[in-house]
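To keep things clear, I will list the structure first and then write my remarks on it.
The values are calculated or read from the model by the stated rules, or taken from the named source; none is laboratory data. None of these values were measured; they are calculated from a predicted model. Note that we place each Cβ from the backbone using ideal geometry, even for glycine, and neighbour counts take in every protein chain shown. Heavy atoms of the whole protein, side chains included, go into the accessibility calculation; ligands, DNA and RNA do not. Shrake-Rupley method; radii C 1.70, N 1.55, O 1.52, S 1.80 Å.
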Amino acid sequence: MIVLSKLRMIAIGLALAAIAAFFVDGLLITDRHSYDGFGLLATFLLPPIGVVLASIAFKKSDSAKDILVIGVNVLAFFAFGLYMFIGTLFWGP
């Protein structure tokens, strides 16, 4: 059985990996590069796995840390939408 702290660490790592891939994709990778869109794909694939793992840890421990990890993964899942929304607010359509 996987220890609760390992479930939390994996969930945190997945959220951080998704955000890091999103930033690298947005800042460093150009449109003609073969890895274009990898960060966007990572934000839609990795955080749901993190939510599931953090939910399993939350059911076993009822800890507020797990709720925070679930929230971070949900924010990572909506990173692209938040980026587009905030960008539209600041710079217009």
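Applying the selection to the stretch 11-34, what residues are within 12 Å of the chain's Cα centre (by Cα) and among the β-branched types (V, I, T)?
I12, I19
Regarding I12, is this residue open to solvent by 60 Å² or more (accessible area, probe 1.4 Å), in contact (Cβ under 8 Å) with a residue 60 or more places away in the chain and in a helix (DSSP H, G or I)?
Yes, satisfied.
Given the options A17, A21, A42, name the one that is touching a Ser or Thr at 6+ places or on another chain (Cβ under 9 Å) and more than 14 Å from K65 (Cα to Cα).
A21
Just to be sure I understand the filter: pairs with C-beta atoms under 6 Å, separated by 6 or more residues or on different chains, first member in the stretch 65-93 and closer than 10 Å to A15 by Cβ and at pLDDT below 95, second member open to solvent by less than 70 Å² (accessible area, probe 1.4 Å) and among the aromatic types (F, W, Y). Which pairs pass?
A79/F22
Given (1) in contact with a helix residue (DSSP H, G or I) (Cβ under 8 Å, 6 or more places away or on another chain); (2) open to solvent by 60 Å² or more (accessible area, probe 1.4 Å), identify the lone condition not met by M84.
(1)
Can you find even one residue in the stretch 28-45 that is among the hydrophobic types (A, V, I, L, M, F, W, C), farther than 28 Å from L4 by Cα and open to solvent by 90 Å² or more (accessible area, probe 1.4 Å)?
Yes, because at least one residue in the stretch 28-45 is among the hydrophobic types (A, V, I, L, M, F, W, C), farther than 28 Å from L4 by Cα and open to solvent by 90 Å² or more (accessible area, probe 1.4 Å).
Can you tell me how many residues within the stretch 46-71 are among the aliphatic types (A, V, I, L, M) and surrounded by fewer than 20 Cβ atoms within 10 Å (Cβ to Cβ)?
Final tally of qualifying residues: 6.
Out of (1) in contact (Cβ under 8 Å) with a residue 60 or more places away in the chain; (2) on the phi > 0 side of the Ramachandran plot, what's the single condition that is false for G37?
(1)
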